[in-house]
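Throughout, read-outs are computed from the coordinates displayed, never taken from laboratory work. No experiment lies behind these values; they were computed from the predicted model shown. Note: ideal-geometry Cβ built from the backbone for every residue, glycine included; neighbour counts use all protein chains shown.
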Amino acid sequence: MARPRMRAAGAADGCSDSDGYRIERCIDQLRHYRAQEAALLQQHYIEGIPKRALARKIKLSEGMVRMKLQTAEGFIAGCLAAQETPLEMAGLFPIE
């Protein structure tokens, strides 16, 4: 099954191959340690399923789904931070 191509806001070509590879490695690590959170992350951000629909589907409160997504997002952010090199697309969004 082909994955939809994600694009950064304002970027013509989305993320680079090296950024995509690094993010995918972090997601693979998340799948290894927290499979449910990884599945929620994919369903919400890749497949576009709303949090409320995910909550009904897995019979959890919407607040719990939000917490699990925050856990997954934090894991990915920590994994990327541990790599100690910024993503190439980080330059697209300057911090003011």
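What dipole magnitude, in Debye to the nearest 20, does the range 11-83 give about its Cα centre under +1 on Lys/Arg Cβ and -1 on Asp/Glu Cβ? Show your work: numbers first, answer last.
Working: 11 positive and 9 negative charges, 117 e Å.
Computed charge dipole of the range 11-83: roughly 560 debye.
Dipole orientation for the range 25-84: of the candidates Tyr33, Ser61, Ile76, Ser61 has the Cα lying most toward the positive pole (charges on Cβ; Lys, Arg +1; Asp, Glu -1). Under a 5 Å amide H cut-off, with hydrogens placed 1.01 Å from N, Cys15 pairs with Ala8 among residues at least 5 apart or on other chains.
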